[in-house]
Amino acid sequence: MNKKIKDIATITAGIYVKPVLQGEVYLIQAMDYDQDFVLRDDLHPTILHTKTIAKNTLEIGDILVRARGNHFLAILYSGEVAPAVASSTFLILRNIDTRLLLPQYVVWFINHPKNQYYLQSHALGSSIAAISKKVLGDMPIVIPPLQKQQIFVQVTSLLQQERIVQTEINNLRELIVNQQLLNLLNND
């Protein structure tokens, strides 16, 4: 089954708000995620709770789609920090019917190179590319059965875990080589 993103989710924009020193709510920005889509662990609340903030508070299962830059990557919000709102660099997909779609599958689908190309080719802006709610909403999405979506999600999770382990192995290898070189230097 094929649909458009706007048919499977409500699309809202993140908000612009000035941070304060002693906040009550987390403001999630694109720079708060690493290359493996893991939220930094040193965040702290930087905005005050207001009515506008309350109606824009993220819910577990919301999907943040980076709307500006070179890549328009999707990230699943899983409540790591709360309460939280998304900054204006994001578009947010909400109210996904989980009887039809797994949010993790939607994230995988948007992040797939073919769909990233679709978004990049429809982006506007000469110095900083940006996608609108309309562009994201008009993007077609293939909806396989839930069991097949679960397979996509599991394989993607395994690939992400492999990347993390491989990075750790590379870092340890570099430490070992550097220590061996230092030992060699000290033995002369």
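Results for (1) closer than 16 Å to residue 103 by Cα; (2) out of contact with any strand residue (DSSP E or B) (no Cβ under 9 Å at 6 or more places or on another chain), shown as yes or no for each residue.
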{"residue": "9", "(1), (2)": "yes, no"}
{"residue": "41", "(1), (2)": "no, yes"}
{"residue": "52", "(1), (2)": "no, no"}
{"residue": "59", "(1), (2)": "yes, no"}
{"residue": "63", "(1), (2)": "yes, no"}
I'd like to check which strands (runs of 3 or more DSSP E) are fully inside the stretch 13-129 and have at least 2 residues that are among the β-branched types (Val, Ile, Thr).
63-66
If a residue has to be under 27 Å from residue 57 (Cα atoms) and not hydrophobic (A, V, I, L, M, F, W, C) to count, how many in the stretch 113-139 make the cut?
6
Just to verify a result, which residue in the stretch 43-84, among those that are under 16 Å from the mean Cα position of the chain (by Cα) and of a type in the set (Lys, Arg), is surrounded by the fewest Cβ atoms within 10 Å (Cβ to Cβ)?
68
Residue satisfying condition, being in contact with a strand residue (DSSP E or B) (Cβ under 8 Å, 6 or more places away or on another chain) and within 19 Å of residue 19 (Cβ to Cβ), within set 83, 103:
83
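So which residues in the stretch 139-188 are part of a loop (DSSP other than H, G, I, E, B) and under 26 Å from residue 35 (Cβ atoms)?
Let us first name the residues in the stretch 139-188 that are part of a loop (DSSP other than H, G, I, E, B), namely 139, 143-145, 187-188.
Across the stretch 139-188, the qualifying residue is only 139.
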Within the set of pairs 6 or more residues apart or between chains, which connect a residue that is under 11 Å from residue 105 (Cα atoms) inside the stretch 150-164 to a residue that is of a type in the set (Ser, Thr, Tyr) with Cβ atoms less than 7 Å apart?
152/105; 153/105
Which listed residue is over 25 Å from residue 157 (Cα atoms), in contact with a Gly (Cβ under 8 Å, 6 or more places away or on another chain) and either among the aliphatic types (A, V, I, L, M) or outside the structural domain of residue 25 (by TED's automatic domain parsing) (or both), from 92, 47, 96
47
Being more than 17 Å from residue 11 (Cα to Cα) and either of a type outside the set (S, T, N, Q) or not assigned by TED's automatic domain parsing to the domain that holds residue 91 (or both) is the filter here, so list the residues in the stretch 124-146 that pass it.
124, 125, 128, 129, 142, 143, 144, 145, 146
Before we move on, is residue 136 farther than 19 Å from residue 33 by Cα, at pLDDT 95 or above, in contact with a helix residue (DSSP H, G or I) (Cβ under 6 Å, 6 or more places away or on another chain) and part of a helix (DSSP H, G or I)?
yes
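The values are calculated or read from the model by the stated rules, or taken from the named source; none is laboratory data. These figures come from a predicted structure and were not determined experimentally. Don't worry about glycine lacking a Cβ; one is built from the backbone with ideal geometry, like all the others, and counts go over all protein chains shown.
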